[in-house]
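These notes are about the structure you will find just below.
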Amino acid sequence: IFFKLNPIQNNSGGIGYNNSLFLYIFLKNVKVDLIIESGVWQGYTSYVIDQAQKKIRNIKFDINFTKLIYKSKKAKYNEFDIDEYDFKNDSKYLNKSVAFFDDHVSQLKRFLLSDNLNIPIMIFDDDLRFEAIHSDGWPAIPTISMIKEKILLKKIKWYNYGRVAYSNFKFKFDKKRLNKYIIHTAPNISYVTGYYIQSPMTFIKKKKFPITCD
């Protein structure tokens, strides 16, 4: 899939090999009715999703599709932010769905959206901790790992390739909302695959939602 069939030869700026492997294996072994993808870029993860789930409803979101190379024939594409979408016509599929986020928008914001929509499974790429925030030029802060911390740092400053960045969070979040979920961050498998360590990918699942493998 990755070396022979993949239509995207240079996925610079997109998901790496290790995390795409986690995504493929996970989606291959879960039964859902809908997959929501926010942050499409060139379409590599859309391609991985299609390989893992051959017959599934797909809804895609990105604010710009000019870089798109792979376009799924069975997906509905929306060139705007997921926040602007009305899920009313898809409501019957939401309680058995997966939302995959790689859009560099606050992961807390995406978590709250998914929780409000009753989406039982969420996948977040680039789930960076505070001490690794400098490694990403456009971090989706606060990330899931950040909101899990005992103390949520609201004023932070970091450096990225000579640039100085600042953030000042102004929000309230009840961490009890996380108690409904099992949260697991994928391990580093670089020693197995030979590909370098990448930003962590985190999987979130409602405790009462069954994982049914084929």
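The values are calculated or read from the model by the stated rules, or taken from the named source; none is laboratory data. Small disclaimer: the values here were computed from a predicted structure and weren't measured. Here the Cβ is made from the backbone with ideal geometry for all residues, glycine too, and neighbour counts use every protein chain on show. What goes into the accessible areas is simple: the full protein's heavy atoms, side chains included, and nothing from ligands, DNA or RNA. Shrake-Rupley method; radii C 1.70, N 1.55, O 1.52, S 1.80 Å.
Just a few scattered comments:
- A simple packing score, the average count of other Cβ atoms within 10 Å per residue, orders the peptides 97-106, 198-207 as 97-106, 198-207, with the highest score first.
- The range 1-94: C-alpha pair distances exceeding 23 Å, %: 22 percent
- Taking the chain as a Gaussian network of alpha-carbon nodes connected by springs under 10 Å, the highest mean-square fluctuation of the residues Ile183, Ile15, Ile25 belongs to Ile25.
- Phi angles of the range 92-108 translate, via the Karplus equation with coefficients 6.51, -1.76, 1.60 and θ = phi - 60°, into HN-Hα couplings of 6, 9, 5, 6, 9, 9, 10, 10, 10, 10, 9, 10, 6, 10, 2, 5, 4 Hz per residue; Gly and Pro are given as x.
- Alpha carbon centroid spacing (whole Å) that separates the range 26-73 from the range 181-200: 21 Å
- In terms of distances greater than 31 angstrom between alpha carbons, the cross-link table entries Lys28/Lys109; Lys92/Lys155; Lys4/Lys180; Lys67/Lys175 yield Lys92/Lys155; Lys4/Lys180; Lys67/Lys175.
- Square roots of 5 times each gyration tensor eigenvalue, C-alpha, the chain, largest first, Å: 25, 22, 18
- Label-to-label distance, Tyr161 versus Asp174, with points set 7 angstrom from Cα along the beta-carbon direction: 4.1 nm.
- Three-way shape label, the range 14-62, alpha-carbon gyration tensor, a/c 1.5: oblate
- Our coupling estimate for the range 41-52, obtained by passing each phi through the Karplus curve with A = 6.51, B = -1.76, C = 1.60 and θ = phi - 60°, is 6, 8, x, 5, 5, 4, 5, 4, 4, 5, 6, 7 Hz, Gly and Pro reported as x.
- Net length available on complete extension from Asn118 to Ile25 is 31.1 nm, with 0.36 nm assigned per residue and the Cα-Cα distance removed.
- Where both bridge residues fall in the chain, DSSP classifies roughly 45% of the beta bridges as antiparallel.
- Per-residue ³J(HN,Hα) for the range 111-116, Karplus 6.51 cos²θ - 1.76 cosθ + 1.60, θ = phi - 60°, Hz, x for Gly and Pro: 4, 5, 4, 5, 5, 5
- Linear extension gain, Tyr196 paired with Phe80, 0.36 nm per residue minus alpha-carbon span: 38.5 nm
- From the largest down, the range 137-199 spans 41, 39, 16 angstrom on the principal axes of its Cα atoms.
- Under the simplified labelling scheme, the Arg129-Lys4 pair shows an inter-label distance of 4.0 nm, with each label point 7 Å from Cα along Cα→Cβ.
- Shape call, the range 80-175: gyration tensor on alpha carbons, a/c limit 1.5: prolate
- What the range 97-214 shows is 57 Å² of accessible area per residue, with the surface traced by a 1.4 Å probe over protein heavy atoms.
- Measuring nothing but protein heavy atoms, the accessible surface of the chain at 1.4 Å probe radius is 54 percent carbon and sulfur.
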